[in-house]
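What follows is a set of notes on a single structure, which appears directly below.
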Amino acid sequence: MSRTVYVNGSYLPESEAKISVFDRGFLFADGVYEVTSVIQGKLIDNRRHLQRLGRSLDALEMHAPADIDEIERIQHELIRRNSLDEGLIYLQVTRGAADRDFSYPAQAEPSLVMFSQSKEILRNPLAATGIKVITVADIRWLRRDIKSIGLLAPCMAKMAAKKAGADDAWMVDGDRITEGSSNNAYIVDHEGNIVTRQLGHDILSGITRRAILELAAATGIDVQERPFTIDEAHAAREAFITSASTLVLPVVEIDGRTIGEGTPGPVAKRLRELYIEMAIQSSSS
Ligand code: PDD
């Protein structure tokens, strides 16, 4: 079945949705994106995603193609037109089409593309089994706080994981984990503390991360925001990832080493439950 997608003011069947070959997203990966999950037809934590979109745009001196309310209206319209109950809304802003030149063009109109993707979020089978990750060198650029569409390094990391028989990759700077290829990374140490890298230019400031750290604090779990090593990860009691597309997923193996009992740990399971409860209660329809 063909989806209806949004391209610069029009709702179109996906086969008719087109962007210029001169679009700077195509030529330079000169663009930013957001992914918001949809559960029961509702956008989860969307305002924070759109605020982060504003920060990414500001960092690249790019104009917003529409204000937050208008973008949210289009997101809801896509959910309606595609009868989306569970999945994602992807949105991408690029600097627009201009003659190829590295400097930002003065005149280009930003381009806004959005589409929906159906996906099992609540009943993701990986929530019950947990995932296996490998560690790979973090070869990305040094402004990972900007949600850039330049995603070749994470694609390579995911492929390395796949070839190794794992589900995903955790990226490593020196001997310390930065984050997952498309998610934030956490361990639970033997005192029961959650450890995850602190915000800064090294990682994306995950919207799910923020909610999870708020939930952890409300539950009385201590959180240490600091870099952690591969050795600490291998020896952890538990590990997990968070993102809009996965919510919270337990990690049961890192580099072939079993984490904890090799089954989803209680902290990850509890935080997933709490997150889903909170998301459904406070989401926008
Ligand atoms: N990825 N870190 C990276 C590098 C990411 O790409 C993502 C999200 C996250 C988690 O952020 P959030 O909780 O706001 O989704 C962390 C999205 C889902 C993607 O690229 O598909």
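Just so it is clear, none of the values below were taken in a lab; they were calculated from the coordinates. Fair warning: this is a prediction, and the values are worked out from it, not measured in the lab. Note that we place each Cβ from the backbone using ideal geometry, even for glycine, and neighbour counts take in every protein chain shown.
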Taking a ≥ b ≥ c as the square roots of the Cα gyration tensor eigenvalues, with a/c under 1.5 meaning rounded and otherwise prolate when a/b beats b/c or oblate if not, segment 1-109 comes out oblate
Output for segment 45-137: trypsin sites (Lys or Arg not before Pro) sitting in coil per DSSP, at most 16 other Cβ within 10 Å, listed by number, reads Arg100, Lys119, Arg123
Selection from Leu247, Thr229, Leu274 lying farthest towards where the dipole of segment 155-285 points positive, charges on Cβ:
Leu247
Are any of the pairs Lys42/Lys132; Lys42/Lys119; Lys18/Lys42 more than 20 Å apart by Cα-Cα distance, and if so, which?
Lys42/Lys132; Lys18/Lys42
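Given a Förster distance of 22 Å, report the FRET efficiency between Gln51 and His201 from their Cβ-Cβ distance, rounded to the nearest 0.05.
The value I calculate is 0.75.
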When the chain is fully extended, how far beyond the present Cα-Cα distance does Gln107 get from Ile230, taking 0.36 nm per residue of separation?
39.6 nm
In order over segment 186-198: 3J(HN,Hα) from phi, Karplus 6.51/-1.76/1.60, θ = phi - 60°, whole Hz, x for each Gly or Pro, gives 9, 10, 10, 7, 6, 8, x, 7, 7, 10, 8, 4, 6
Taking the Cα centre of the chain as origin, sum charge times position over the Cβ atoms of Lys and Arg (+1) and Asp and Glu (-1), and report the length of that vector in debye to the nearest 20.
420 debye
Per DSSP helix of 4 or more residues, -39500 (n - 2.57); summed, then divided by the residues of the chain. What does that give at 222 nm, rounded to the nearest 500?
-9000 deg cm²/dmol
Dipole magnitude of segment 19-103, debye to nearest 20 (Cβ charges: Lys/Arg +1, Asp/Glu -1, about Cα centre):
160 debye
To check you understand DSSP bridge types, tell me what percent of the beta bridges within segment 87-193 (both residues inside) are antiparallel, rounded to 5.
70 percent
In nm², what is the average projected area of the convex hull enclosing the Cα atoms of the chain?
14.8 nm²
Among Ala66, Ala29, Thr4, pick out the residue whose Cα is farthest towards the positive end of the charge dipole of segment 4-118, where Lys and Arg carry +1 and Asp and Glu carry -1 on C-beta, about the Cα centre.
Thr4
Name the longest site-free stretch of the chain, where the excluded sites are GluC sites (Glu not before Pro) in a DSSP loop with no more than 12 other beta-carbon atoms within 10 Å.
121-190
Which whole-angstrom value gives the distance between the alpha carbon centres of segment 18-39 and segment 160-226?
26 Å
Local net charge near Val35, Cβ-Cβ under 12 Å (Lys/Arg +1, Asp/Glu -1)
+1
Charges at C-beta only: +1 for Lys and Arg, -1 for Asp and Glu. How large is the resulting dipole of segment 138-285 about its Cα centre, in Debye rounded to 20?
540 debye
Neighbours of Ser56 by Cβ distance under 14 Å: Lys/Arg at +1, Asp/Glu at -1, summed charge +2
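Under the rule a/c < 1.5 gives rounded, and otherwise a/b versus b/c splits prolate from oblate, where does segment 126-282 land using the Cα gyration tensor?
Rounded, since a/c falls under 1.5.
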Which distance in nm do the two modelled labels at Ile68 and Phe22 give, with both placed 7 Å along the Cα-to-Cβ direction?
3.4 nm
